[in-house]
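Trainee: Pasting in a structure now, in structure tokens, and then I'll have a few things to ask.
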Amino acid sequence: MRVHRNLRTLVMVMAMALGCATLCNAQIGPSDMKEQPWWKHAVFYEVYPRSFADSNGDGIGDLNGITSKLDYLKDLGVDAIWITPCFPSPQVDFGYDISDYDNIDPMYGTLADFDQLVSEAKKRNIRVILDFVINHTSDQHPWFIDSKSSRSSAHRDWYIWRDGKGQGQPPNNWLSTFGLSAWKFDPTTNQYYYHYFYPEQPDLNWRNPAVEKAMFDVTRFWYKRGVAGFRLDAVDSLFEDPNLTDNPVLPGKDKFGRPNMEEKYNKKLPEMHVTLQRLRKVADEYGAVLIGETWTSQVKELEAYYGENGNELQLPMDLMLTNLPLSAEAFREHINAVDAARGWPTYVITNHDIRRSYSRYGDGVHNDDIAKMMAGFYLTLRGTPIMYYGEEIGMANNDPKRKEDVKDPIGLLGWPLEKGRDGERTPMQWNGGPNAGFTTGKPWLPVPASAQTHNVQTESENPDSILSFYKSVIQLRKTEPAMLEGAYIPLNESDQNVLSYLRKSPTGTVLVVLNFSPAPQNPTFDLQKQGFTSPKTKALLQNQADVADGPLQTVHLQAYGTYIGRITD
Ligand code: NOJ
Ligand code: CA
């Protein structure tokens, strides 16, 4: 212990001697000089700025709105907020089309507002993470405007320009994930440019070192402003086959009616890992954390994003979790594999591109209990959780009912099979008043009737609410050492209905029991193998459960019940 303390003092003295240049900029404080980096024990919270809190009544959330809610986030137990893009943008993809990486969109405020947000957050020990849209810019970015102006422009090779195969024929068969061809013809220079997303989001050419330099400098700009890290957007589409080989066509049609395709030559090229490792080196100069939007189909694939020696992303998101059916068996199998894999797990149950967890898992009868069970699940695992705003109050998807109400362009293009992502992006529900207290104006997306019951104010006053449950379970993460450091040990592995596990560390053991079924369940536990001869339990948190403190006997759980107890011998 003494050695550690001395080492810590030495590091701090050295940092002070260096003018604290890099460590201070990235919001690293003395409490972080422990064995574990801060992000391992943090609860992250995704804020979609358009929809969180509107401070000026224009119906769109903004930075000052976020600042005004920092006390709420602190009280909830949040350690870091990830703000989805708030940079100048034509808003075709609601900010994921950036026209200036080093500024704030006036709709959201100013750089001064941003600095104020970072400094107010820091006072509350909350770090700020920004979104780095690394694959593409807006077509209104000065780089692209120059690039398309002539074949010999300074920025021509910053994007991917190619001749067509023939009159009216794009260079190859690659498709945009947003429903059109991935190539757009530009008559000024008679060439096509490549866009994996909307045509207004041309892909950057990451094979050009000038692009890498400019983009790496963007991260430096924000680190110096106190940003603690980035969530990296769409990393899988960074590189494309330079020979533009056609992708293999698969049987069947996609939701836009196009032939299915294996994205063999324009996704997940190995060069991506090299670039991410180089980006990590820059992050390390500032003690920053990188979170990845890492869509994978297997745990092995997810492992690759950590890098061989942990030299790539610290927190590649496990997005596979968002595709699992609500089944104890499916969740057990998956978590067992992720927990056993290399790297620190990063769990997510929903985000701004995915149906809200409340609606996805809800059966229409037990939705609130399921929401609590899911909190009892992913906030008690070994790993870092990333919450999505509104999840803590059980916000439901509010999908557009008519095509003319759709705001997200993919919803317009794919209607009615693809309704777009508006439903998961509706305003945060602060109270039961007009517009759920989000704005005094007309909200950019409608507030559902369920805001009457599922809102921060109402739920704060109810100890049995989803919000109160979230607060308690997050609190447990901070007070029970086993929740942070403890090993994950699955129990009763043949139980098809109940998912149970221990979090066990030398300083304590916590038992988590989750009924993934609508029927009552009564599991029993033999913890001999785990070193307990006559285990006793003490409830830390429960919902729809009836378990007496004392010798660990049958755990009685109602539909989707949750029991979390401290185990001693
Ligand atoms: C992933 C983002 O999460 C999504 O919202 C966006 O549309 C695409 N990347 C393109 O940037
Ligand atoms: Ca506003």
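Trainee: If you go through the stretch 126-142 one residue at a time, do you hit one that is more than 16 Å from ligand 1 (Cβ to nearest atom), in a loop (DSSP other than H, G, I, E, B) and out of contact with any Pro (no Cβ under 9 Å at 6 or more places or on another chain)?
Mentor: In the first step, residues of the stretch 126-142 are kept if they are more than 16 Å from ligand 1 (Cβ to nearest atom); the result is 126-128, 142.
Going one step further and asking which of them are in a loop (DSSP other than H, G, I, E, B), we end up with 126.
Those left that are additionally out of contact with any Pro (no Cβ under 9 Å at 6 or more places or on another chain): 126.
Within the stretch 126-142, one or more residues are more than 16 Å from ligand 1 (Cβ to nearest atom), in a loop (DSSP other than H, G, I, E, B) and out of contact with any Pro (no Cβ under 9 Å at 6 or more places or on another chain).
Trainee: Q544 versus (1) surrounded by 15 or more Cβ atoms within 10 Å (Cβ to Cβ); (2) at pLDDT below 95: which is the lone unmet condition?
Mentor: (2)
Trainee: Could I ask something else about it? From the set of residues in the stretch 257-297 that are touching a helix residue (DSSP H, G or I) at 6+ places or on another chain (Cβ under 8 Å) and among the polar types (S, T, N, Q), which is farthest from ligand 2 (Cβ to nearest atom)? Give the derivation first.
Mentor: Step one: filter the stretch 257-297 for residues touching a helix residue (DSSP H, G or I) at 6+ places or on another chain (Cβ under 8 Å), giving 266-268, 272-273, 275-276, 278-279, 282-283, 285-290, 292-297.
Next, from what is left, pick out any that are among the polar types (S, T, N, Q): 266, 275, 294, 296-297.
Numbers: N266: 37, T275: 35, T294: 32, T296: 36, S297: 39 Å.
The selected residue is S297.
Trainee: Could you tell me which numbered condition S119 fails, if it satisfies all but one of (1) touching a residue at least 60 places away in the same chain (Cβ under 8 Å); (2) in contact with a Gly (Cβ under 7 Å, 6 or more places away or on another chain); (3) of a type in the set (S, T, N, Q); (4) away from ligand 1 (no atom under 16 Å from the Cβ)?
Mentor: (2)
Trainee: Can I ask one more? Search the stretch 68-90 for residues being over 20 Å from the mean Cα position of the chain (by Cα) and not acidic (D, E), and hand back the single one that is nearest to ligand 1 (Cβ to nearest atom).
Mentor: Applying the first criterion (over 20 Å from the mean Cα position of the chain (by Cα)) to the stretch 68-90 yields 68, 71, 75, 88-90.
Adding the requirement that they be not acidic (D, E) leaves 68, 88-90.
Numbers: S68: 25, P88: 15, S89: 11, P90: 13 Å.
The residue in question is S89.
Trainee: Answer yes if at least one residue in the stretch 232-240 is more than 30 Å from W38 (Cα to Cα) and modelled with pLDDT of 95 or more, and no otherwise.
Mentor: Step one: filter the stretch 232-240 for residues more than 30 Å from W38 (Cα to Cα), giving 239-240.
Keeping just the survivors that are modelled with pLDDT of 95 or more gives 239-240.
Yes, the stretch 232-240 contains a residue that is more than 30 Å from W38 (Cα to Cα) and modelled with pLDDT of 95 or more.
Trainee: Okay, moving on. Can you go through S99, S55 and tell me which one is part of a loop (DSSP other than H, G, I, E, B), over 24 Å from L313 (Cβ atoms), within 16 Å of ligand 1 (Cβ to nearest atom) and not acidic (D, E)? Give the derivation first.
Mentor: Details: S55 fails: within 16 Å of ligand 1 (Cβ to nearest atom).
None of the other options fit; the residue is S99.
Trainee: Given (1) buried (at least 19 other Cβ atoms within 10 Å of the Cβ); (2) within 30 Å of L111 (Cα to Cα), identify the lone condition not met by W183.
Mentor: Failed condition: (2).
Trainee: Report whether or not Y388 is in contact (Cβ under 8 Å) with a residue 60 or more places away in the chain and hydroxyl-bearing (S, T, Y). Can you show your working first?
Mentor: Details: in contact (Cβ under 8 Å) with a residue 60 or more places away in the chain: yes; hydroxyl-bearing (S, T, Y): yes.
Spelling it out, Y388 is indeed in contact (Cβ under 8 Å) with a residue 60 or more places away in the chain and hydroxyl-bearing (S, T, Y).
Trainee: Quick one: E312 ticks every box in (1) away from ligand 1 (no atom under 16 Å from the Cβ); (2) part of a helix (DSSP H, G or I); (3) in contact with a strand residue (DSSP E or B) (Cβ under 9 Å, 6 or more places away or on another chain) except a single one, so which number is it?
Mentor: That leaves (2) as the condition not met.
Trainee: Consider the stretch 477-501. How many of its residues are in contact (Cβ under 8 Å) with a residue 24 or more places away in the chain, surrounded by fewer than 21 Cβ atoms within 10 Å (Cβ to Cβ) and either among the aromatic types (F, W, Y) or closer than 21 Å to L557 by Cα (or both)?
Mentor: Looking only at that region, the number is 9.
The values are calculated or read from the model by the stated rules, or taken from the named source; none is laboratory data. This is a predicted model, so every value here is computed, not measured. Please note: Cβ atoms are built from the backbone with ideal geometry, for glycine as well, and neighbour counts cover all protein chains shown.
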